[in-house]
Amino acid sequence: MRICMVSEEEIVGPSAIIPGGIGQYILRYTRMLAEKGHEVTILCQSKSAFQSGGSGIRWVGLPRKGKLPWDVTVFFWLRKQRFDIVEFPEWGGHGAIPAMLLPKKAGRIITRGHGHNLWVQRVHGQQQAKGKQHYKEWLQVHFSSGVLANSEFLKEEFVRDFGLQASRIDVCHIGIDPHAIGHTEAVRKSFQGPTLIYVGGMDRRKGAIDLVRILPMLKERLPELRLILLGQDTPTGPNRTSYREYLMDTARQLGVFEQIEFIPATPRTQLHQYYGRASVFVSASRAETLGIPFLEAMSTGLPVVTWRTGAAPELVRHGEDGFLYELDDKEGFAAGLLTLLTDPKQWSRMSEQAVENVRSRFMEKDILERQVAWYHQISG
């Protein structure tokens, strides 16, 4: 198949940035598609025009032309191409014009759902405002030839926010490759002591502040408890200050600063080193449309403790490979951690179940086959 994936970030090229979640997905899946023999193009917004390639993938950078929106530039470029599938994320609605106006012979426009404007507003506790971005996203998903959501949770959000019929939305999780994080062992060898790890953005929505506030609740029973917080800082602290600094200040006030290790964003190939130092993966995110770090951690044998929000119940099986608690139930969250960190047999059983869960349901190569089958169905 001839497949084009579109990114508003310059994830390849001379001025490439460190990609976010959508960019990482595009880079991983285009590589796998090319390895399967498909003709793959990554089209991204760039500071200057470029075209290059490598490993069977064509990279194209398109800058904005004058005052024209980038969406229009993309549309005119696509009119001259021939693809079977052109995949846009819904964020930003950059596929709206192509979805409405592009001839089918240039490519079937599909939307891959990762997270959209109204959903982000909601999980950040902001007042709902249907501005220009929302309406562009609305047009894109309504005029797309197909819509693929990352999770059943996101499918429900699409129905809610875009008024789509549920039958128009298909679901395909994004899988993982344990080797991509440097993990080569089939199963973790042993319990690593009372050490927790969170991997993800240092962001208000991700809720790491709750993890800091839970530590004092366990300090008496687990005086050696440690928490690793690994991820990119963001200006989402009070008054748009550093969220990491906010976490540090709160930890000092609660007397748990010495129990926390703050680590900046790390290349994915090195993540196994940090997962290998912990016994439990924790997240207090208000909602995730999927949760790749959950799966990566589980693939190394880490049980998960998190809230019963977003797509978490689709990944974590309560009582089997982790514990799920209602949002803000810190007492329950702390009790789950205490159980896992003081009962070696329970931890060992859940560790094995976590690995098996990922192997049987979330391996990247298996999910890619289902996604390509869906591409064929859409392209006719």
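Quick notes
- Residue in region 247-268 that is part of a loop (DSSP other than H, G, I, E, B), of a type outside the set (S, T, N, Q), closer than 24 Å to Asn357 by Cβ and not assigned by TED's automatic domain parsing to the domain that holds His114 present: no
- Condition met for Pro235 (farther than 25 Å from Arg268 by Cα and not in a strand (DSSP E or B)): no
- Cross-chain or 6+ apart pairs with Cβ under 7 Å, region 89-104 first and charged (D, E, K, R), then in a helix (DSSP H, G or I): Glu90/Glu137; Glu90/Gln140; Glu90/Val141
- For region 295-332, the candidate set comprises residues that are among the aromatic types (Phe, Trp, Tyr) and touching a helix residue (DSSP H, G or I) at 6+ places or on another chain (Cβ under 6 Å); within that set, the residue that is surrounded by the fewest Cβ atoms within 10 Å (Cβ to Cβ) is Tyr325.
- Of the strands (runs of 3 or more DSSP E) contained entirely in region 159-231, those carrying at least 3 residues that are under 18 Å from Tyr274 (Cβ atoms) fall at 195-199, 226-230.
- Unique match (being buried (at least 17 other Cβ atoms within 10 Å of the Cβ) and part of a loop (DSSP other than H, G, I, E, B)) among Phe88, Phe83, Phe75: Phe83
- For region 242-284, taking the residues that are free of Cβ contacts under 8 Å to residues at least 60 places away in the same chain and in contact with a Gly (Cβ under 7 Å, 6 or more places away or on another chain), the one that is surrounded by the fewest Cβ atoms within 10 Å (Cβ to Cβ) is identified as Glu245.
- Residue satisfying condition, being touching an Asp or Glu at 6+ places or on another chain (Cβ under 8 Å), among the hydrophobic types (A, V, I, L, M, F, W, C) and assigned by TED's automatic domain parsing to the domain that holds Val6, within set Val159, Val120, Val147: Val147
- Residue check, Gly125 modelled with pLDDT under 95, assigned to a helix (DSSP H, G or I) and either in the same structural domain as Leu368 (by TED's automatic domain parsing) or not small (Gly, Ala, Ser) (or both): no
- Selection from region 51-72 of residues that are in a loop (DSSP other than H, G, I, E, B) and more than 16 Å from Gly13 (Cα to Cα): Lys65, Gly66, Lys67, Leu68, Pro69
- Selected residue [crowded, with 18+ Cβ neighbours inside 10 Å and under 23 Å from Gln270 (Cβ atoms)] from Gly175, Gly182: Gly175
- Some residue of region 338-354 being buried (at least 17 other Cβ atoms within 10 Å of the Cβ), modelled with pLDDT of 95 or more, among the polar types (S, T, N, Q) and not in a helix (DSSP H, G or I): no
The values are calculated or read from the model by the stated rules, or taken from the named source; none is laboratory data. Bear in mind that the values here come from a model prediction, so they are computed numbers and not experimental data. No Cβ is skipped: glycine too gets one built from the backbone with ideal geometry, and neighbour counts run over all protein chains shown.
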